[in-house]
1. Can you pull out the residues in the range 205-228 that are surrounded by 15 or more Cβ atoms within 10 Å (Cβ to Cβ) and either among the aromatic types (Phe, Trp, Tyr) or at pLDDT below 95 (or both)?
2. Looking only at the range 65-79, count how many residues are at negative phi and loosely packed, with under 15 Cβ neighbours inside 10 Å.
3. For residues that are over 20 Å from residue 173 (Cβ atoms), part of a helix (DSSP H, G or I) and small (Gly, Ala, Ser), tally how many sit in the range 80-115.
4. Might you let me know whether the range 166-186 holds any residue that is buried (at least 18 other Cβ atoms within 10 Å of the Cβ), of a type in the set (D, E, K, R) and not in a helix (DSSP H, G or I)?
5. Among the candidates 223, 118, single out the residue that is part of a helix (DSSP H, G or I), closer than 23 Å to residue 28 by Cα, in contact with a helix residue (DSSP H, G or I) (Cβ under 8 Å, 6 or more places away or on another chain) and of a type outside the set (A, V, I, L, M).
6. What's the number of the only condition in (1) touching a strand residue (DSSP E or B) at 6+ places or on another chain (Cβ under 7 Å); (2) outside any loop (DSSP other than H, G, I, E, B); (3) polar (S, T, N, Q) that residue 63 fails to meet?
7. Restricting to the range 116-151, and then to whatever is within 17 Å of the chain's Cα centre (by Cα) and polar (S, T, N, Q), can you tell me which residue is farthest from residue 168 (Cα to Cα)?
8. Select, from 144, 125, 139, the only residue that is without any contact (Cβ under 8 Å) to a residue 24 or more places away in the chain and closer than 22 Å to residue 58 by Cα.
Amino acid sequence: MSNRALLEVIALDVEDAVAAQAGGADRLELVTDMAADGLTPARETFAAIRAAVDIPLRVMVRTADGFAAGDVGGLAATARALRAEGAREFVLGFLTADGSPDLAAVEAVVAELDGCAWTFHRAIDRAADRDQLRKALADLPGLDTYLTAGAAAGVDEGLPVLLAEAARGGEPGYGPRILVGGGLALAHVPVLRAGGIDAFHIGGAARPGGWHHPVSAAAVAEWRAALD
């Protein structure tokens with residue numbers, strides 16, 4: 001297996017997905033409503049994107065802005081519907097009001113995923129205790145990735161945390177891959193790669209025109225070249 005870095009791109013629709021794949025994305029994160037930092041897309045959107053591209057898709061399971069789970073039954077039903085539509089990879093993450101992982105909510109959703117792979121997203125960057133969160137989630141089936149900037153404010157501030165966590169790779173709770181995203185810039189890549197991090201997540205960086213414009217295949221290709 002090569003040490004080629006993984007590049008994941010946020011896609012809102014088919015146009016985004018096709019452009020991201022053309023630019024060299026390895027995987028897509030499917031969301032809607034970036035004004036709320038990304039919510040679950042419609043089943044129809046998932047199905048259309050699945051038909052349009054052949055790279056892996058991770059689908060957000062999140063029905064309200066913020067990091068509280070909200071209606072857990074609704075979340076579980078959302079996950080179940082996406083599984084029925086053919087989704088095989090997911091993104092989720094919920095915190096309680098005190099910044100602890102909301103295990104009841106996470107477990108209710110994971111139970112619907114039937115062992116599918118999933119990412120715990122940037123809720124970790126709002127956690128009261130990152131180490132405690134990782135250890136609390138360590139035995140959940142399918143958890144293979146943490147999407148994190150290392151800090152709520154973004155990678156600029158979180159860089160030391162990301163490098164420290166990458167160095168703990170073999171420890172309990174530190175097995176999942178670190179997928180860096182949240183204020184990630186090309187300038188961060190060399191130091192992250194040198195620290196052993198091999199997965200990168202871009203949203204705004206793939207859209208030079210801003211969120212009201214589609215993904216640019218050329219922008220994704222620039223990241224692909226930088227990672228290779």
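The values are calculated or read from the model by the stated rules, or taken from the named source; none is laboratory data. The model shown is predicted, which means the values in this text are computed figures rather than measured ones. A quick note on method: Cβ atoms are made from the backbone with ideal geometry, for glycine too, and the neighbour counts reach across all protein chains shown.
1. Answer for the range 205-228, where residues must be surrounded by 15 or more Cβ atoms within 10 Å (Cβ to Cβ) and either among the aromatic types (Phe, Trp, Tyr) or at pLDDT below 95 (or both): just 223.
2. 6
3. 4
4. no
5. Of 223, 118, the one residue that is part of a helix (DSSP H, G or I), closer than 23 Å to residue 28 by Cα, in contact with a helix residue (DSSP H, G or I) (Cβ under 8 Å, 6 or more places away or on another chain) and of a type outside the set (A, V, I, L, M) is 223.
6. Going through the list (1) touching a strand residue (DSSP E or B) at 6+ places or on another chain (Cβ under 7 Å); (2) outside any loop (DSSP other than H, G, I, E, B); (3) polar (S, T, N, Q), residue 63 breaks only (2).
7. Here the residue is 119.
8. Numbers: 144 fails: without any contact (Cβ under 8 Å) to a residue 24 or more places away in the chain; 125 fails: without any contact (Cβ under 8 Å) to a residue 24 or more places away in the chain.
Selected residue: 139, the only one of 144, 125, 139 that is without any contact (Cβ under 8 Å) to a residue 24 or more places away in the chain and closer than 22 Å to residue 58 by Cα.
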